[in-house]
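Peer 1: Mind having a look at this structure? Questions to follow.
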Amino acid sequence: MNAPSSNQRILVGVSGGIAAYKAVVLVRRLIEAGCEVRVVMTEAATRFVAPLTFQAVSGHPVRTTLLDAEAESGMDHIALARWADAVVVAPASADLMARLANGLADDLLTTLCLATDAPVHLAPAMNRQMWAHPATQANHARLIEHGVTLLGPAAGAQACGETGEGRMLEPDAIVDALLANDQQDLAGRHVVVTAAGTREPIDPVRFIANRSSGRMGFALADDAARRGAVVTLVAGPSTLPTPARVERIDVETAQQMQTAVESIGVTDIFVGAAAVADFRLAAPVDHKLKKSGETLSLELVPNPDIIRGVAERSGRPFVIGFAAETDHVREYAAAKRVAKGMDLICANEVGPGKGFDRPDNALLLLWEGGERELAQADKRHLAGEIFDTYHQITQDRDDASS
Ligand code: PMT
């Protein structure tokens, strides 16, 4: 079997227990698999293994306290929580599980587990009777309800001399479990994603814009990067943070977006999630327009169609576009896909409370000879489904041509 590999950023939490020494091997294995690792220890964990050991193995300073002014002035705890693609606490003691199950944030590690939106995994390690205790089992069930993944525990000889369930999983098993679903199925591909709306200036202080937040496009860029792609995100104005390992080019107008997309050149996959203004002012004025009558007419001219331009390239990439429709969603999207030369279109119904500027959405994916409905879900989940569908389409094409 091949060793698992990944470029994930993993936050390893170590709580107090004799199995803390195995966490050193875990950090080492994760780094060997290609992950970037930061370690956070509880105060009790530092009694078992010195932070310096983890610092030497991970190559980064180890954080142990929440109220550390010096550390907080670097990567503060919220930034650390956001930095992680995944959190794994190994060993997770009965006390740590109890605190987390109850939502306590009384030290750095529990605070990070609450503050992160990355998946949290716990590898419990404790005496067999502590593990079997109804309180621990209730905490276990509650943590699962909260979306935490439990890795183990295993059964066998315990450090206390007893035998039973409660041993921490071996580091290799934890690494396998952590990286099992880490598809690197876009490794070696260059993915360009456009995101957010464009702004078309009227005068130096006013512009034509739309309600796109960038969430969909940023989620796509993030998912592609997690799958190992080299990702360039061409983003209209958005307050969202740049996803890890994504190169971001900020633009404002449709013409700037087109120039940026063209400057990138050859790509493997192009995803047009941006809400690009179809029109811009024929002649934006260079001074603030004064109110000079009851009405104001603005002359608009069409903007370049960015996605169509990409689809018309020789050696074109696989082109994924969106259709934002208020009605006749399927019909308009199907026609748009063909007219713009897309391989796959993701149609969404937009309007008050739908599609734009919210964390979730529902999509209808259409491609030649196929379709897939994606029920209302977080845009991060939808992004994964879109790339899974890309794989399905390319696989079907390969099968048909062989
Ligand atoms: O950003 P969020 O708040 O998360 O909202 C997500 C979204 C609603 C913006 C997204 O799901 C979406 O639908 N994006 C496309 C919006 C849009 O402009 O749709 P359209 O039907 O007008 O355009 C069709 C396609 O052509 C799109 O892929 C668009 O990027 C592209 N296009 C449009 C005009 C233009 N001049 N150039 C283009 O490339």
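A short reminder: the numbers here are calculations on the coordinates, not readings from a lab. Not measured: the values here are computed from a predicted model. Ideal geometry is used to build each Cβ from the backbone, glycine not excepted, and the neighbour counts take in all protein chains shown.
Peer 1: Would you look at the GNM of the chain, springs on alpha carbons closer than 10 Å, and say which of 213, 297, 58 moves the most?
Peer 2: Highest fluctuation among the options: 297.
Peer 1: Another one. Exposure proxy check: 246, 14, 39, 285 ranked by fewest other beta carbons within 10 Å?
Peer 2: Placing the least packed residue first, the sequence is 285, 246, 39, 14.
Peer 1: Using modelled amide H (1.01 Å from N, peptide plane; none on Pro or chain starts), what sits under 5 Å from the amide H of residue 280, excluding residues fewer than 5 places away?
Peer 2: 301, 303
Peer 1: Using only alpha carbons, build the gyration tensor for the chain and give me the equivalent ellipsoid semi-axes, biggest first, whole Å.
Peer 2: So the equivalent ellipsoid measures 47, 24, 19 Å along its semi-axes.
Peer 1: Under 5 Å between amide H atoms, partner at least 5 residues away or on a different chain: which partners does residue 122 have, H built in plane at 1.01 Å?
Peer 2: For residue 122, the qualifying residues are 89, 149, 150, 151.
Peer 1: Separate question: Report ³J(HN,Hα) in whole Hz for each residue of the range 203-212, in order, from the Karplus equation J = 6.51 cos²θ - 1.76 cosθ + 1.60 where θ = phi - 60°; Gly and Pro get x.
Peer 2: With coefficients 6.51, -1.76 and 1.60, one gets 8, x, 10, 10, 8, 9, 9, 9, 8, 5 Hz.
Peer 1: Something else about it: In 10 Å bins starting at zero, report the fraction of Cα pairs in the range 9-182 per bin as a rounded %.
Peer 2: 11, 43, 37, 9, 0
Peer 1: Magnitude of the Cβ-charge dipole of the range 9-182, K/R +1 and D/E -1, about the Cα centre, nearest 20 debye?
Peer 2: Roughly 280 debye, rounded to the nearest 20.
Peer 1: While we're here: State the Cα centre-to-centre distance between the range 151-197 and the range 291-308 in whole Å.
Peer 2: Cα centroid of the range 151-197 versus Cα centroid of the range 291-308: 53 Å apart.
Peer 1: Provide, as a two-decimal number, the C-alpha radius of gyration of the range 229-382 over 2.2 N^0.38 Å, N being how many residues it has.
Peer 2: Here the answer is 1.16, to two decimals.
Peer 1: If you count, for each residue, the other Cβ atoms within 10 Å and average over each peptide, how do 311-317, 98-104 line up from highest to lowest?
Peer 2: Packing order, densest peptide first, comes out as 98-104, 311-317.
Peer 1: Spin-label point model (7 Å from Cα, Cβ direction): what's the residue 50 to residue 135 distance in nm?
Peer 2: The answer from the label model is 3.4 nm.
Peer 1: Looking at the range 9-182, what % of its DSSP beta bridges pair antiparallel, to the nearest 5?
Peer 2: That works out to approximately 20 percent antiparallel.
Peer 1: Only Cα pairs under 8 Å and at least 6 apart count here; give the relative contact order of the range 144-208 as a rounded whole percent.
Peer 2: 17
Peer 1: May I pose another question? Let me have the 222 nm mean residue ellipticity of the chain computed from DSSP H runs of 4+ only, each contributing -39500 (n - 2.57), with the sum over all residues rounded to the nearest 500.
Peer 2: -10000 deg cm²/dmol
Peer 1: Among 93, 15, 292, whose mean-square fluctuation peaks in a Gaussian network model of the chain (Cα, cutoff 10 Å)?
Peer 2: It is 292.
Peer 1: In addition: Give a residue-ordered list of calculated ³J(HN,Hα) values for the range 112-128 (Karplus: 6.51 cos²θ - 1.76 cosθ + 1.60, θ = phi - 60°; whole Hz; x for Gly, Pro).
Peer 2: Rounded to whole hertz, the list is 4, 5, 7, 7, 8, 9, 7, x, 10, 10, 10, 10, x, 8, 6, 4, 4.
Peer 1: Okay, moving on. What is the set of long-range amide H partners of residue 313 at a cut-off below 5 Å, with H atoms built 1.01 Å from backbone N?
Peer 2: So residue 313 has HN proximity to no qualifying residue.
Peer 1: Right, something else. Tell me, what ³J(HN,Hα) does each residue in the range 289-300 have, in order and in whole Hz, if you take phi through Karplus 6.51 cos²θ - 1.76 cosθ + 1.60 with θ = phi - 60° and put x for Gly and Pro?
Peer 2: Here the 3J(HN,Hα) series is 5, 9, 5, 10, x, 6, 10, 9, 9, 10, 8, 10 Hz.
Peer 1: Kindly provide the GluC sites (Glu not before Pro) of the range 1-91 that DSSP labels as loop, not H, G, I, E or B, and whose Cβ sees at most 11 other Cβ atoms within 10 Å.
Peer 2: none
Peer 1: Project the alpha carbons of the range 93-174 onto their principal axes and report the range along each, largest first, in whole Å.
Peer 2: In descending order, the Cα extents are 37, 29, 22 Å.
Peer 1: Taking 2.2 N^0.38 Å as the expected size of a compact globular protein, what ratio does the Cα radius of gyration of the range 131-263 give against it, to two decimals?
Peer 2: 1.67
Peer 1: A further question follows. Out of the range 170-258, which trypsin sites (Lys or Arg not before Pro) are coil in DSSP terms and have no more than 15 other C-beta atoms within 10 Å?
Peer 2: 211
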